[in-house]
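Chemist: Could you have a look at this structure, given as structure tokens, before my questions?
The values are calculated or read from the model by the stated rules, or taken from the named source; none is laboratory data. Remember, predicted model here, so these are calculated numbers, not experimental data. Glycine also receives a Cβ, built like all others from the backbone with ideal geometry; neighbour counts cover every protein chain displayed. Accessible surface areas use protein heavy atoms only, side chains included; no ligands, DNA or RNA. Shrake-Rupley method; radii C 1.70, N 1.55, O 1.52, S 1.80 Å.
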Amino acid sequence: MDRFRMIFQYFQTNSESVMNGICGLLALASVKIYTCLDFSCPCLPHYNMAYGLGIMFVPPIALFLCGLILNRQSLVMLEEWRRPQGHRRKDLAVIRYMCCSIMQRALVAPAVWIVVTLLDGKCLICAFSGSVDPKKFVGFANATLAQAQEMLTRVPCKEDELMRNSTSRRAVSRYLRCWSQALGWSILLILIIAVFLARWLSPCFNQAALLQTRHWSNYIDIEQKIFEETCCEHSRLFAHQCILHFFESMQKEIRQHSFNLPREKEGEEDLLRGITDHDQVNKLLKMWYYEKPPLDVSQVTHRHPLGQERSPPPLAGSCGARSKFTQHTHV
């Protein structure tokens, strides 16, 4: 269990590992979707090519967009690219590095889909069965050009009565599947060689510039995360202040509704703000729903139920207040 917890914490803190994991999941999902896909070629002229090429290239576009959407660095890169100059200059090398990294991860799943479809061969057979030269096959020698074209468009349909026991259909299917698999293995080999060269030749270039761009791209990502965490912490502090102000300002209204509030002991902070009754809680919840306080925590003093002015409880000024706030807000 400790080992799994360490792995989970590693993936939580390592953004690059998370993106690689998402990239792998999308690749596996593309293979699973293709194996579950009910491929049914229409076997009609002018429709086979549209269907076959659509199955081959439309899902990769969707997978590519999903890869861009799921990669949080794409938004960080766009913000860095579009932000004003301000007091920090924009480094185009860092932006290019982030863009290349995002594109590489987003293209993995589409590449896997295209390679799998080519190795399977069904899409290419459906798309190009009508484009085969009938003179290369003996079974179409005695047929007219129109008849041969009609028979070729029915090649992907194994259950068709006209082509069910035709040896020419099997010959055309083997011919196109051979080309499809050769193309698929060629693309896979090219991709492997490209990745190999990119990995092994990158140290031969300016390694210092590469380290700098990688460092500052990681810095931009981490800076954005810390900013979001700081905003969340500020929102908790702001909500905590607003709720405290609300409870303090409502004590007078609660007293006017004949609620008996206990007197505060001197030197002891009333953490419950005098709200110690079921009816009082319901009344406060109703007031909170209908009369929420304004988003203004700049007030210095607040009205005590007995009429005296008192300062708000310390939140950020003392260690005790920090520990109490931590106990109440960190769930």
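Chemist: Looking only at segment 155-176, how many residues end up being open to solvent by 70 Å² or more (accessible area, probe 1.4 Å), closer than 18 Å to residue 48 by Cβ and part of a helix (DSSP H, G or I)?
Modeler: 3
Chemist: When you go through 116, 112 one by one, which is the residue that is touching a residue at least 40 places away in the same chain (Cβ under 8 Å), within 30 Å of residue 30 (Cα to Cα) and touching a Leu at 6+ places or on another chain (Cβ under 9 Å)? If you could, list the steps in order and put the result at the bottom.
Modeler: Values: 116 fails: touching a Leu at 6+ places or on another chain (Cβ under 9 Å).
None of the others qualify; the one that does is 112.
Chemist: From the list 33, 22, 55, which one is open to solvent by 60 Å² or more (accessible area, probe 1.4 Å) and either among the polar types (S, T, N, Q) or assigned to a helix (DSSP H, G or I) (or both)?
Modeler: On the way: 22 fails: open to solvent by 60 Å² or more (accessible area, probe 1.4 Å); 55 fails: open to solvent by 60 Å² or more (accessible area, probe 1.4 Å).
Just one listed residue meets the conditions, 33.
Chemist: Please determine whether any residue of segment 64-71 is touching a Gly at 6+ places or on another chain (Cβ under 6 Å) and within 22 Å of residue 20 (Cβ to Cβ).
Modeler: No; the residues of segment 64-71 include none that is touching a Gly at 6+ places or on another chain (Cβ under 6 Å) and within 22 Å of residue 20 (Cβ to Cβ).
Chemist: Using beta carbons and a limit of 8 Å, which pairs, at least six apart or on different chains, have the first residue in segment 220-238 and over 21 Å from residue 93 (Cα atoms) and the second one open to solvent by less than 60 Å² (accessible area, probe 1.4 Å) and outside any helix (DSSP H, G or I)?
Modeler: The qualifying pairs are 237/315; 238/297.
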